[in-house]
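Before any comments, here is the structure.
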Amino acid sequence: MPAHLLQEEISSSYTTTTTITAPPSRLLQNGGGKLEKTPLYLEEDIRPEIRDDIYDPSYQDKEGPNPKLEYVWRNIILMSLLHLGALYGITWIPTCKMYTLLWAFFYYLISALGVTAGAHRLWSHRSYKARLPLRVFLIIANTMAFQNDVYEWARDHRAHHKFSETHADPHNSRRGFFFSHVGWLLVRKHPDVKEKGGLLNLSDLKAEKLLVFQRRYYKPAVLLMCFILPTFVPWYCWGETFPHSLLVATFLRYAVVLNATWLVNSAAHLYGYRPYDKTINPRENLLVSLGAVGEGFHNYHHSFPYDYSASEYRWHINFTTFFIDCMAAIGLAYDRKKVSKAAVLARIKRTGDESYKSG
């Protein structure tokens with residue numbers, strides 16, 4: 001079957017949901033014998049029940065001097081050691097066993113999905129729904145990625161969308177590439193981040209038992225899933241040396257996952273086109289999408305944060321969308337929200353930078 005037909009078939013795999021809008025939909029029989037419709041499209045004026053990840057253009061930074069930066073030296077030291085270990089790990093790649101390299105890539109991919117399909121598209125934006133087995137997989141994968149627990153990650157990300165490019169944005173790109181990439185993790189949060197983040201409606205996150213469980217046992221879980229397990233498996237299972245296992249499969253792999261995610265906050269807010277909305281900073285950056293398994297279509301994502309694909313083009317340089325569609329095909333993901341073509345074109349005509357090329 002040609003790739004575009006396979007994509008269309010999986011993308012239109014439906015499970016039990018509530019119809020939101022008509023075009024296009026098919027009738028399929030669910031397990032109970034009842035015919036149900038599943039929507040795949042949302043019009044632009046339809047918003048999630050919780051609106052705290054929708055950009056608020058009325059919010060402006062307070063006047064007055066910025067507070068003095070307070071460095072978090074523990075984070076500075078740990079991040080420096082991690083990246084030194086990762087850089088040293090690069091020199092060990094030529095002597096690594098092939099199984100170790102494949103293991104590191106596999107761990108990177110699963111970790112990335114824990115952030116993109118899990119913390120980002122599922123829990124931050126509620127852009128699709130997942131059944132329990134998929135939610136369990138994603139919470140484990142997210143713990144492997146070690147980028148703060150999902151509750152904290154989603155809280156900061158919703159603030160990032162609602163107050164984008166202000167001091168209430170945790171990684172405000174107006175403060176420069178380094179700050180939006182990693183610097184924001186090396187200093188105390190701006191008071192506006194704490195103030196505005198504390199006002200967000202996070203009731204859906206607090207009600208998710210898996211997130212509560214992860215938050216409660218996060219430190220020991222991270223130690224096991226992000227450091228011990230990826231080091232132990234190559235060393236024990238196929239006789240890799242301990243330095244190779246630690247430096248390549250753990251330090252280098254973890255640093256790559258972190259930086260791929262951080263580039264969405266930095267490079268994808270500073271470099272690229274703005275075909276959907278030229279009035280906001282986020283850009284379309286294909287290189288970022290390649291490393292972050294589909295999260296580089298950032299101008300689209302900030303224009304339509306409730307779209308489960310975070311892109312107009314579904315599988316195009318977007319492994320996360322492919323994964324979610326595969327999960328939908330086997331009934332573990334459902335109610336995938338997608339913006340209609342008409343709504344996209346209307347937005348392009350109204351606010352785009354004229355760089356748009358139809359896909």
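Mind listing the phi-derived Karplus ³J(HN,Hα) values for segment 233-241, rounded to whole Hz, using 6.51, -1.76 and 1.60 with θ = phi - 60°, and x for any glycine or proline?
Ordered by residue, 3J(HN,Hα) equals 4, x, 5, 8, 7, 9, x, 5, 6 Hz.
Gap in Å between the Cα centre of segment 265-316 and the Cα centre of segment 168-193?
Value for the Cα centre distance between the two parts: 20 Å.
Highest mean first, what order results for 274-283, 112-121 on Cβ atoms within 10 Å?
112-121, 274-283
Sorted by mean Cβ packing within 10 Å, highest first, what order do the peptides 284-291, 215-222 take?
284-291, 215-222
Is segment 224-336 best put as rounded, prolate or oblate by its Cα gyration tensor, with a ≥ b ≥ c the root eigenvalues, rounded for a/c under 1.5, and otherwise prolate when a/b is larger than b/c, oblate when not?
oblate
Just check segment 112-242 against the gyration tensor rule for me: Cα atoms, a ≥ b ≥ c as the square roots of the eigenvalues, rounded for a/c under 1.5, and otherwise prolate or oblate depending on whether a/b exceeds b/c.
oblate
Which distance in nm do the two modelled labels at Leu82 and Lys209 give, with both placed 7 Å along the Cα-to-Cβ direction?
3.1
Residues of segment 301-338 with the amide nitrogen closer than 20 Å to a label point 7 Å from the Cα of Ala346, along Cα-to-Cβ, please.
301-313, 337-338
Please state the shape class of segment 173-232: rounded when a/c is under 1.5, otherwise prolate if a/b exceeds b/c and oblate if not, all from the C-alpha gyration tensor.
Here segment 173-232 falls in the oblate category.
Quick one: P(r) of segment 73-357 from all Cα-Cα pairs, 10 Å bins, percents rounded to integers, in order of increasing distance.
7, 27, 36, 23, 7, 1
Of the listed pairs Lys278/Lys357; Lys129/Lys341; Lys62/Lys194; Lys68/Lys194; Lys162/Lys357, which have alpha-carbon separations greater than 18 Å here?
Lys129/Lys341; Lys162/Lys357
Values in this text are rule-based calculations from the coordinates and carry no lab data. This structure is a prediction, so every number in the text was calculated from the model and none was measured. Note: ideal-geometry Cβ built from the backbone for every residue, glycine included; neighbour counts use all protein chains shown.
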